[in-house]
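Here's the structure we're looking at; comments come further down.
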Amino acid sequence: MKVYSKKEIIRILGQYGLFEAGKKSNHIIHKVKYLAGVPELDKLKNSGKLKTETAPVIIRMRPLGLEFEFTTGLTNSLRVGLTEQQFNFWTIEHSHDIKENNTQSIVGNAAVGGLFFGKVGAVAGGLSGFLDKAEHIFSISYSEKEEERMALFSSTSNSAGKVYDYMMKNFPFKYKDPSDFKEQKETKPDDQIDSGSRFSVADELQKLAELKKAGVLTNEEFEKQKQKLLNHGI
């Protein structure tokens, strides 16, 4: 994930056309706040140029991936782009569960691996500090130069459900269930668990069918996501 100009975002992630109004407006606003995990943003945050506590965040679906826009002024904004090829998985965990389960949680396990803080020595204080301030952690695993990284965002209890619904509608096959990961950690040795692994195509198709039945996905959205699974696998 890198910082891009609006023109670069459009070039890399594309934009929806005039007759795709529904997709063009497919975004959510002010439901998360940035915490850590994107080096360029971390530098800006540490220098004081990006006030993550107050900077509104827009999550926007694009044809070839996902855009995060950070409003830094009346007319200024920063944009971070993530292509579908870079996008490993996403999840949402309650901060209490991360504290209680530690490395049996997805975020806790990623912290030990240095996926968003780098040095393991900085993990304990940094992660616990975030968890004390956040009700839920929205995390995105992504690949950068053949290395796995993880971007973290905080969300309130009221907003976490909306973020979950939005991501399940647009990226259901990228979702990693925290309870499934915990079960893996309890039943398999650490060296047999890939923190970025996802589940079988059959499992994801079943999830899509459930979302369609519940009315979260339309028939068109269901068929589109199904074809992605069948064409590209997990």
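For the range 133-175 and the range 46-111, compute the distance between their C-alpha centroids and round to whole Å.
The distance from the Cα centre of the range 133-175 to that of the range 46-111 comes to 7 Å.
Within the range 39-107, list the trypsin sites (Lys or Arg not before Pro) lying in a DSSP loop whose Cβ has at most 14 other Cβ atoms in a 10 Å radius.
Answer in residue order: LYS49, LYS51.
Which pairs in the list LYS6/LYS31; LYS7/LYS45; LYS99/LYS228; LYS174/LYS212; LYS45/LYS145; LYS7/LYS133 are over 27 Å apart, alpha-carbon to alpha-carbon?
Exceeds cut-off: LYS99/LYS228; LYS7/LYS133.
Treat the count of other C-beta atoms within 10 Å as a stand-in for reagent exposure and order SER179, SER155 from fewest to most.
Final ranking by Cβ density, sparse to dense: SER179, SER155.
All of the numbers you see were taken from the coordinates with simple rules; none came from a lab. Treat the numbers as computed from the prediction; the structure is a model and nothing was measured. FYI the Cβ positions are ideal-geometry reconstructions off the backbone, even for glycines, and counts take in every protein chain you see.
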